[in-house]
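Following: one structure in C-alpha cells, then a few remarks.
The values are calculated or read from the model by the stated rules, or taken from the named source; none is laboratory data. Here the structure is a predicted model, which means the values were calculated and not measured. Note: ideal-geometry Cβ built from the backbone for every residue, glycine included; neighbour counts use all protein chains shown. These accessible areas exclude ligands, DNA and RNA; they are computed on the full protein's heavy atoms, side chains included. Shrake-Rupley method; radii C 1.70, N 1.55, O 1.52, S 1.80 Å.
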Amino acid sequence: MSSMTLYNYFRSSTSYRVRLALNVKGLDFEYKPINLLKAEQRSEAYLKINPLGGLPTLVHGGKNIPESFAIMEYLDEVFPEPALFPKDAYLKARVRQVCEVINSFMHPMCNLKTLNYLEKTHGYDQTKKEEWAGFWLPQGLETLEKTLQEFSGTYSFGDTITMADLFLVPQLLTCQRFKVDITKYPTLMKINENCKKLPAFEKAHPFKQIDTPDEFKNK
Ligand SMILES: N[C@@H](CCC(=O)N[C@@H](CS)C(=O)NCC(=O)O)C(=O)O
C-alpha cells in the first residue's frame, strides 16, 4: 500500500493540481474521495485533518498537509526530481506569480463556498454565476496571457513542465465550466494543448478518476 493518501474530489481544481504533481513525479498514492456535493468536506472527521474544510489534503507518513500549494511545494522538496521550479531565483519568482494569480485571485472566485454564498444570500442562479465568473476570471486570464507571452515555450516556462503548468491546466478547465471563452488567449491555449498530451496530465484529468460520475466519463 502507498504511504501517501490524497483526500480529493474528481472535479476539484485544487485536487487536480496535486494529482498532476504526484503524476509528474511518478508517485503512487491512495485516492480517498470526498464528495463536495454531499458536503463531506465539512464532516467532523475531515475537518480534523483540514480545519478550513477544503480539498485536497495529503497524508504522508501519518502527517497531514492541507492546502494544494503547500502540498506541492512539500512534494517538490521531498521528491526533488523532476523539479517543479526553475533554479534561477527570478524565474522561480515568476512561476510563483502565475501560481498566485490562480490560487489567490482566480480560484476563490468560483469556489463552491463562494458560489453557495451568492446563491443563498443573493439568489444567484447558474446564469448569474456565469456572469460573475465572466467578470472575474478574464482578469486573471489576461494577466496570465501577458505574463506567459514573455516566458512560454512548449509549456508555461520554456520547454520544461513547472508548477505554473500544474496550476494553469486545471484553472482553464474551470473557466470552460463557467463558459468563459479561453480561445481569446492564444498562449494559454497553446500551453494547455501541449500539457494535455502528456500521460501525467491525461491520468490526472477529472473525468478519469475513481469518483468520476458515469455522466462525465470518457468525455
Ligand atoms: N487554497 C486551498 C483551497 C481549497 C478549496 O477550497 N478547495 C475547494 C475545491 S477546488 C473546496 O474544497 N471547496 C469546498 C467548499 O467550497 O466548500 C487549496 O489550494 O487547497
* To do: Scan the range 178-203 residue by residue and report those that are among the hydrophobic types (A, V, I, L, M, F, W, C), surrounded by 17 or more Cβ atoms within 10 Å (Cβ to Cβ) and closer than 15 Å to residue 142 by Cα.
  => 180, 182, 188, 191
* To do: Could you please find all residues in the range 86-113 being more than 14 Å from the chain's Cα centre (by Cα) and open to solvent by less than 40 Å² (accessible area, probe 1.4 Å)?
  => 86, 95
* Going through the range 59-80 one residue at a time, which ones are closer than 16 Å to residue 170 by Cβ and of a type in the set (Gly, Ala, Ser)? -> 68
* Structure fact -> From the option list 141, 148, 166, single residue qualifying as touching a Ser or Thr at 6+ places or on another chain (Cβ under 8 Å), surrounded by 15 or more Cβ atoms within 10 Å (Cβ to Cβ) and not assigned by TED's automatic domain parsing to the domain that holds residue 56 is 148
* To do: Could you figure out which of (1) over 16 Å from residue 11 (Cβ atoms); (2) within 17 Å of the chain's Cα centre (by Cα) isn't true of residue 34?
  => (1)
* **Residues satisfying the stated conditions in the range 1-29, i.e. open to solvent by 40 Å² or more (accessible area, probe 1.4 Å), free of Cβ contacts under 8 Å to residues at least 60 places away in the same chain and either within 14 Å of the ligand (Cβ to nearest atom) or acidic (Asp, Glu) (or both)** => 7, 28
* Could you pull out the residue among 67, 131, 77 that is under 22 Å from residue 206 (Cα atoms) and free of Cβ contacts under 8 Å to residues at least 40 places away in the same chain? => 67
* Name the residue, out of 38, 32, that is more than 10 Å from the ligand (Cβ to nearest atom), basic (Lys, Arg) and either without any contact (Cβ under 8 Å) to a residue 12 or more places away in the chain or in contact with a Lys or Arg (Cβ under 8 Å, 6 or more places away or on another chain) (or both). => 38
* Structure fact -> In the range 62-74, anything under 17 Å from residue 2 (Cβ atoms) and at pLDDT 95 or above is listed as 63, 64, 65, 71, 74
* Tally, over the range 65-117, of residues that are within 12 Å of the ligand (Cβ to nearest atom) and over 26 Å from residue 49 (Cβ atoms) -> 1
